[in-house]
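Here, each number is a calculation from the coordinates, and none is a lab measurement. Since this is a predicted model, take the numbers as computed values, not measurements. Glycine also receives a Cβ, built like all others from the backbone with ideal geometry; neighbour counts cover every protein chain displayed.
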Amino acid sequence: MLPRAGAGAFARHAYAILAVEVRKMVRDPTDLFTRAVQPLLWLLIFGQVFTRTRAIPTGSLTYLEFMTPGILAQSVLFTAIFYGIAVIWERDLGVVHKLLVSPSARAAIVTGKAAAAGVRTFSQGVIILFFAIVMGVRVRLDPLSLLGAACAVMLGGALFATFSLVIACVVKTRERFMGIGQLLTMPLFFASNAIYPLDMMPGWLRAIAYYNPLTYLVGALRALMVEGGAATIALPLDFAVLGAVCAALVLVAARLLPGIIR
C-alpha cells in the first residue's frame, strides 16, 4: 500500500491529468455527439427491425430493451479503444516526455487518463440513455440504479482506454494503432452478450465471451438499466471483474509508458 503522503500525491497528480483531459473535452464537445451517432443508429434501425421480427428470444423484454445496454457498452468500447491514439499524438508533440520527467508516478498518469476516458464515456452514456427513454425503453430511473450504471460506464471506459494505452505503447505508430484498434473492436463486440444472449452462442464462442470484459460490462448495465434485464445477484462479480482487469491494465500501462518514446 502507498504511504498516506504518497497516496495523497498520487491522487493529486492523477486529478491534474484528469482536469487537463476534461478541459480538452469541454473545449471541443462536438466529438461527443459525432461518436454517439453510430450507437444511436444501431438503436433506431437494428433495434427496431429485430424487435419486429422477434427472432432472438429475450424473455419479457423487447429486443430494443434487451440491446440498449449492449449498445451503450458498444459506445463505451468504440470510444475508449481509440483513446491511445491521443497519447501517440502527445508523444509526437513532446507532451509525454514532459509528463515522464515530472514528479508524477507513471501509474498516476495512466490513472488520470483512464479516469478522463471514463468521464467521456459517461457523457456519451447520458446521450444514449436520453434517446432510449424517448424510444420507449423501460429504463430504471431510481437513483441507485442510475448511479450504478454511471459507475459501470465509467469503469468500462477506463478499462478499455487503458487497454488502448497498452496497445499504443506496444505499436508506437498511429497507422499500426488504427489497424489493430479496428481489428479488435468487432471481435470484442460480437464475442459478448451485447446483442444476443449467451445461451444462443455455440460453446466455443460462449467460452470466449466469459473471458471478454465487455460481457461483464453488458451484464452490469443490463441488470441496472432495464427492469427484468438480468439477475442483480451477478452485479458484484461484474464489478469485481471489471475492477480487477482495469487495475491490472493500469499497472501494465504504467510499466510500458516510457517505451512509447523510444
Hey, in the GNM for the chain with a 10 angstrom Cα cutoff, which one of R138, R106, R23 fluctuates hardest?
R23
How many times 2.2 N^0.38 Å is the alpha carbon radius of gyration of segment 160-257?
1.20
When the chain is treated as a Gaussian network with springs between alpha carbons less than 10 Å apart, the largest mean-square fluctuation among R52, R120, R27 is found at R27
So for segment 8-261, averaging the separation of alpha carbon pairs under 8 Å that are six or more residues apart and normalising by length, what relative contact order in percent results?
28 percent
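Could you tell me which helices of the chain pass both thresholds, a Cα extent of 24 Å or more along their own axis and a mean Kyte-Doolittle hydropathy of at least 1.6, with helices taken as whole DSSP H runs? Mind dumping the intermediate values first?
On the way: long enough: 4-27 (35 Å, 0.31); 63-80 (25 Å, 1.04); 106-134 (43 Å, 1.37); 143-171 (42 Å, 2.15); 174-190 (25 Å, 0.53); 235-256 (31 Å, 2.08).
Taking the DSSP H segments of the chain (at least 24 Å long, mean hydropathy at least 1.6), we get 143-171, 235-256.
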Please state, to two decimals, what the Cα-based radius of gyration of the chain comes to when divided by 2.2 N^0.38 Å (N = residues).
1.02
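When T68, T111, T30, T51 are ordered from fewest to most other Cβ atoms inside 10 Å of their Cβ, what list results?
On the way: T68 30, T111 26, T30 7, T51 18.
The most exposed by this proxy come first: T30, T51, T111, T68.
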Checking L141, L217, L188 against a Gaussian network model of the chain (alpha-carbon springs below 10 Å), the top fluctuating residue turns out to be L141
Nonlocal amide H pairs with V226, under 5 Å, H built at 1.01 Å:
R140
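Excluding A107 itself, what net charge comes from residues whose Cβ is under 15 Å from its Cβ, given Lys and Arg +1 and Asp and Glu -1?
Working: positive: R12, R106, K113, R255; negative: none.
Counting the neighbours of A107, the net charge comes to +4.
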